[in-house]
Amino acid sequence: MASVNDDATPRPSVDSFVSKSPSVSAFSFGDQSSYPRGRRGSTASSIFSTNSTSEHRPSTRELRSTAIASLLDNATARSNIPKPTTRDIPPVVLTNITKVAYGEFGQYLSIVPEYEKYLRSKEYETDEALRRPRTPEIPQNEPDAFGITFGRSPDGRRTSLIPAGTAATIRPQSSDSNGGSRKGSMRLRKHSVAIPPLSTVPQVYFDENFHLENPRTFDVVSERSHVIQAPIQENGLDSLSGGGSIGRKALATNAILQEKLSWYMDIVEVHLIKEISSASSGFFAALGDLRELHAEADASVQKIQSLRAELDRLDRDQALAGLEVVRLRRRKANIQKLAYSVEQIAHAIKKLGEAEELLENNEIVAAMDTVEATEALLEGRAPCGLAIPIIDLRPVKAVSAITIDLANLRARCGKALETRFVDTLLSDLRKHAETVPATDTLFRFFQAYQRQQSRSALRVDAMPSPRPISMDYSQLPDTLRSLLLEHLDGLRRANHVEKAVQAYRDAVLKETKALIRRNMPSDDDTSSNLSGVSRGPGLGRTAAEKSSSLAKALRALGPREAEDLLVRIYTAISETLRRLGTQQKLLLDVTSGIDSILSPRNPVTSPDRVGSPPPLSNHNMDSFYSVYSMDISELINAAIDAAQIQMVKVLKVRNEQTARLPLGDFLRYFMLNKLFSAECEGLSGKITTNLQTVIGAQIKDFIANFHSESITLLAMTIERDQWEAKDFKPLAKTGLERILEAATKDADSWLAWGRVYEDPPLPEDSTDADQLAPGKIRTAMIDEQRFILPESGLAVLKHIETYECLFAMIPVSVADVATNMLEFLKLFNSRVCQVILGAGATKSAGLKHITTKHLALASQALSIVVAVIPYVREAVRRHLGPSAAGGTLLPDFDRIKRDYQEHQSEIHRKLISIMSDRLMAHVRNIRQTIDWDGPGAVETKPNAYMETLVKETSTLHKVLSKHLSEDVLGSIMVPVFAIYKKRLVEAYTGVTVKTDVGKGRMLRDAQFFKDRITKLDGSGDAGDEILKAVQDKGVVGAEAPAATNGSKAGTAESDKDAAGEPADNKEEKS
């Protein structure tokens, strides 16, 4: 048997029960070891497993080996039958025990009399109940599996339920003798048996998951007993399990186990009784205290009822009579007050009529005084001429009509004062906007813009001497201050300040829009005349028709007329908004009671308190100050937004006309809008985007149109160019100087277009005062380098200047303009290549041939662009500022310069190639055509081929020296003479001379070449080398006979070459 300590340990696993579980074979009637194992279950369930059937049917051989006869005859086969294990026990499905709610025991616990009866019988029956036997007798002093000794009394009954080891130590104990306990607790037994502790009960019974139907739990509780007694074999041993089940008892005959279970229940019951007994005394003590409190509450209620009856008697006998006397006296006083109030109301109605009469007579101040006096009378603050007591009549419903009439009178007075207030300020705005000259306003724009820009295209060093800036908008007359003081005092008294400010705000916005409408061209006049009012003659026209007519009139304006329109509108709006800001400061100054900071003049003091700030209360003044400052600060921004929205519509109508403006007019147009936008930002303190967005889009359109026209003009110029040298006039010279100067600063003539306060610059005079001799031209000079330019070269310089002027005056477009300029330069380079190297000029300009002069002038046009590009690049870098370092624009200028230089080198190689081809034709004459030893040659003259060669070379040198610099000339002539030297030496060396006459003719040619070529630049020692090669040449054989027909034909061909093209060879054609 397992001990108590073993049962208290955690439950063993299934495998731990294998050796201790009863054998299934003990209850079987045959050998079933060959059958498949059934599902796991309890021992009891295995009894009935013998009758179960299986789907597996054993074979004949298996049946023979497990037959009863075979088992009886063969002991070895019988001992090899497998033993059943706990795995053969089928699983048991646990039944869910319903949990009983604690509230269901309420009725049971409420039976108090039964519980008291239990307490009374507890003292006499507890000992007897504990000693009452529950199971059959067991041997005396026999220890059970838990180590507990069940002692017996002399009569054979159990006398103790305690462990055997502690039975001798039990002593009688005295009962609880607490003096404060109730009567029932005094009757506890004085001597009792020691109660075994709860730890005596195995821990398995206290497990939360205790389920007796669980096979494992049942196995532990039953101490592994057999459910049914195992059969006994003849030899006294289990035939299947051997001696493994010795000492295990049958559950049905295990009296000791049953006694243990009963003893465990007694221990738990005794402990429950003890706990209930210890808690019962405090419960009944509290119940008694509750009953006493109920009795005291009943006594208090009876006393309260008696006091209330006494108070009711005193109220009836004494208090009510005195209150009636007081009520009558109060009624008399109220009637007297009513009479006074009626008289007060009558006087208020009279004053109300007086106020209306004063208002009809336009005496607003007197009417306001009367209204305030009447209100004070109704409020009970001032008697207003009455000698009777007055009260506050506002709660009286009958007076509400008078109050409404007074409020209406006050509103009418406030509306009249509002009209005066708005008219006064608007009149001042209109008068100021009409009196200030537009040029003064534009100059103020310009100066303010200069101060705001840290890096501007219009620098101060390029400006003329400054002149005083007009500040008329800050000078206010004294009468305006006096009128505003009077109007603001009346508006405050009429509680109409906020509405007046709102009306003033609306009026300013309308006036801003009206300024634009008044300067629009008339609908019925599309000429340059402008009318003062934008109103058409047709009164019945729709809004769409009027809008269409106005748009047509705007598009019909010329550049100068459109500029005048913008000047009038922008200056009027600016002066109006500036004056509006001054009025705001004046109003804040007046309302805050501070001396004027705008003018040193002191306010005029008058008897009616007009010249000094009115005595405003702090509450009203603070309210006015906050409301007004808020609205006025937003008013300027709202007026600017309204004006820009209207102007955006006007500017969009002229988008196409603006994109086609001349460069100077567009620069003035851009600067005018830029200055106005800067003025709006200065007034509002924030960036305005409405106007800037439209202007930015128009700039892009203009740049695109300008670039397209420039490309078109350049292409037309190149196609029509005859490639003749043109005079570099002073106007072109000045333009070139401005291009070179732009590397460090912008030209003043460009900046003049931005000074919109002045008249636009006059066109430069193209007349030339210097009279040149016929055939002479002036050349361009850059860094001591001379350039003779064709028409295309002059045109490209002019366009470069316009591009630089454009990005100098419009800094935001530097990148776009520079990109277009690069495209323009690339186009010039490609077009020159097409018409010169590609011989396109023979078709477009009608040229017969592309001559050396054409090539030289094309080289000069490319050379001057190469010389100008570094200056242009520096100008672009200066205007781009710090952003130029990481961009690709500047490297693009370097690349385009290299492209030009490569193109120039190709032209030079073309010239060298032409001369090389001409030389090869002469070399063929030397080798094949000329009969050096034959007759017919003039002894004193060179051959015709040599004269032609020298003439062509001299002409080339003459043309190139006229149009190219010495360096460029040398770079062309040196390779030409090197080719001459190599080819002529090879030709002379390869020809066989048989007579001295032939050698003499060759010497004359070489000497003639040396004498003529030595004077040309780049010839070097070419003449000497050729002469030396001829001199060193030897004569082969005797003098040849007379010339044959072939030699005659060769001589005739040579003469033809000598006389063939004397005129056309002045300038070599390619």
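Length gained on full extension, residue 470 to residue 744: 95.3 nm, using 0.36 nm per residue less the C-alpha separation. Using the Cβ-Cβ distance between residue 357 and residue 391 with R0 set to 22 Å, the FRET efficiency works out to roughly 0.20. Residue ranges 673-685, 335-347 sort as 673-685, 335-347 when ordered by packing (mean number of other C-beta atoms within 10 Å per residue, highest first). Net length available on complete extension from residue 379 to residue 777 is 132.9 nm, with 0.36 nm assigned per residue and the Cα-Cα distance removed. Using the Cβ-Cβ distance between residue 252 and residue 283 with R0 set to 51 Å, the FRET efficiency from 1/(1 + (r/R0)^6) comes to roughly 0.65. For the pair residue 514 and residue 293, label points projected 7 Å from Cα toward Cβ lie 8.7 nm apart. Here each label is just a point 7 Å from Cα along the line to Cβ, and for residue 716 and residue 592 those points are 6.4 nm apart.
Legend: calculated FRET efficiency, residue 965 to residue 708, from the Cβ-Cβ distance at R0 = 51 Å, rounded to 0.05, equals 0.90.
Overall, the anisotropy analysis places region 904-1035 in the prolate class: the square-rooted eigenvalues a ≥ b ≥ c of its C-alpha gyration tensor yield a/c not less than 1.5, with a/b exceeding b/c.
Pairs exceeding 18 Å between alpha-carbon atoms, taken from 941/999; 733/853; 99/260; 951/1015; 843/897: 733/853; 99/260; 843/897.
Going from the fewest other Cβ atoms within 10 Å to the most, the residues 859, 813 appear in the order 813, 859. With both labels modelled 7 Å from their Cα along Cα-to-Cβ, the residue 894 to residue 212 distance reads 10.5 nm. How would you classify region 264-395 from its alpha-carbon gyration tensor, with a ≥ b ≥ c the square roots of the eigenvalues: rounded for a/c under 1.5, else prolate if a/b is greater than b/c, otherwise oblate? Oblate is the answer for region 264-395, as a/c is 1.5 or above yet b/c matches or exceeds a/b. Close amide H pairs (under 5 Å, H built 1.01 Å from N) link residue 226 with 249, 250, 251, residues at least 5 positions away or on another chain.
By the gyration tensor of its Cα atoms, with a ≥ b ≥ c the square roots of the eigenvalues, what is the shape of region 341-432: rounded for a/c under 1.5, prolate for a/b over b/c, or oblate?
Working: a/c = 3.12, a/b = 2.74, b/c = 1.14.
It comes out prolate by the Cα gyration axes.
The gain in end-to-end length when the residue 551 to residue 349 segment is fully stretched comes to 66.7 nm, 0.36 nm per residue minus the alpha carbon separation.
Read the figures in this text as sums done on the coordinates, not as results from a lab. The structure displayed is predicted, hence computed values, not measured ones. Every residue, glycine as well, gets a Cβ built from its backbone with ideal geometry; the counts of neighbours run over all protein chains shown.
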